[in-house]
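Below: the structure, in structure tokens.
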Amino acid sequence: MKRNAFITFEGIDGSGKTTQMELLKQKMLTYNIPNLFIRDPGTTAIGEKIRGLLLAPESGEMSLTAEVFLYAAARSQMVYEVINPALEQNIIVVCDRFIHSTLAYQGYGSGYDLETINFINREAMGSIWPDLTFIMDIEVEESFHRCLQKELNGNSKDRIEQRNFEFYNKVRKGYLALAKEDEKNVVVLPSGITVEEAHQKIWRKINERLDLGL
Ligand code: TMP
């Protein structure tokens, strides 16, 4: 059995990442699997400050380069302060978003050069790269519908979420392209399946990859 792993969840806003991460956490608790659930950008004190800068609507128009570097800086701190030490202790680390978000949002969505994103992030992440990535796929229309519901419930949109339909369509297609490039490590959960079906698929994949025998 492989004792540690770095797993990431990705998807456009409202795709159901949070629900799946919660179900996974419950499952890991049930089986006493040492785990750590974190979010990118964020988790560390520095990362949460950077998250504030990146997402605050008051930050206004930000240069795309500044955006890419800020995400990478937050990520770097998290790798250094949290991810590496946890993996060394054989803890399974599960992260809400990571490098694939920058490739999908700043790369495919906003047009920043993908190779440059990879280069900057290789510097930021050192030897870390997700062992497994789950992409929660969702139609952009459905994502907008769910985000609207959230707004009606009093959650206002962050700076990134204020972008338009065309942008999110590019991000979604970007995610699917990234999955195609790395089918062994990047798994797409299609929008048509139920929450439970997606959970089973995710759990099977983790079991298989980590040889958990559960
Ligand atoms: P979330 O953590 O609530 O999903 O919000 C984070 C927002 O930041 C979300 O709109 C996606 C965006 N984002 C990027 O644009 N690039 C990145 O590299 C990451 C990690 C997030």
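The values are calculated or read from the model by the stated rules, or taken from the named source; none is laboratory data. Everything numeric here is computed off the predicted structure, so don't read it as measured data. Methodologically, a virtual Cβ is constructed for each residue, glycine included, from the backbone with ideal geometry; neighbour enumeration extends over all protein chains shown. These accessible areas exclude ligands, DNA and RNA; they are computed on the full protein's heavy atoms, side chains included. Shrake-Rupley method; radii C 1.70, N 1.55, O 1.52, S 1.80 Å.
Within region 189-203, is even one residue assigned to a helix (DSSP H, G or I), under 18 Å from the mean Cα position of the chain (by Cα) and of a type in the set (S, T, N, Q)? Checked against the condition, which is being assigned to a helix (DSSP H, G or I), under 18 Å from the mean Cα position of the chain (by Cα) and of a type in the set (S, T, N, Q), region 189-203 yields no hits at all. I need the full set of residues from region 84-121 which are within 14 Å of the ligand (Cβ to nearest atom) and of a type in the set (A, V, I, L, M), in order please. Passing the criteria: Val94, Ile99, Leu103, Ala104, Leu114, Ile117, Ile120. You will find that of Leu148, Leu132, Leu152, Leu114, the residue that is among the hydrophobic types (A, V, I, L, M, F, W, C) and touching a strand residue (DSSP E or B) at 6+ places or on another chain (Cβ under 9 Å) is Leu132 and no other. When Glu141 is tested against (1) under 29 Å from Leu55 (Cα atoms); (2) touching a residue at least 40 places away in the same chain (Cβ under 8 Å); (3) of a type outside the set (A, V, I, L, M, F, W, C); (4) surrounded by fewer than 14 Cβ atoms within 10 Å (Cβ to Cβ), only condition (2) is not met.
With respect to the conditions (1) surrounded by fewer than 17 Cβ atoms within 10 Å (Cβ to Cβ); (2) farther than 29 Å from Leu64 by Cα; (3) touching a strand residue (DSSP E or B) at 6+ places or on another chain (Cβ under 9 Å), Lys180 falls short on a single one, namely (2). Could you list, in sequence order, all residues of region 41-83 that are more than 11 Å from the ligand (Cβ to nearest atom), part of a helix (DSSP H, G or I) and open to solvent by less than 20 Å² (accessible area, probe 1.4 Å)? Scanning region 41-83 gives Val79, Ile83. Going through (1) closer than 19 Å to Ala177 by Cα; (2) away from the ligand (no atom under 14 Å from the Cβ); (3) of a type outside the set (S, T, N, Q); (4) not in a helix (DSSP H, G or I) one by one, Pro130 falls short only on (2). If you go through region 1-36 and keep only what is open to solvent by 20 Å² or more (accessible area, probe 1.4 Å) and either among the hydroxyl-bearing types (Ser, Thr, Tyr) or free of Cβ contacts under 8 Å to residues at least 24 places away in the same chain (or both), you end up with Thr18, Thr19, Glu22, Gln26, Leu29, Thr30, Tyr31, Asn32.
For every residue, the table says whether it meets (1) buried (at least 20 other Cβ atoms within 10 Å of the Cβ); (2) farther than 21 Å from Leu24 by Cα; (3) among the polar types (S, T, N, Q).
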{"site": "Pro130", "(1), (2), (3)": "yes, no, no"}
{"site": "Phe134", "(1), (2), (3)": "yes, no, no"}
{"site": "Asn164", "(1), (2), (3)": "no, yes, yes"}
{"site": "Pro190", "(1), (2), (3)": "no, no, no"}
{"site": "Lys201", "(1), (2), (3)": "no, no, no"}
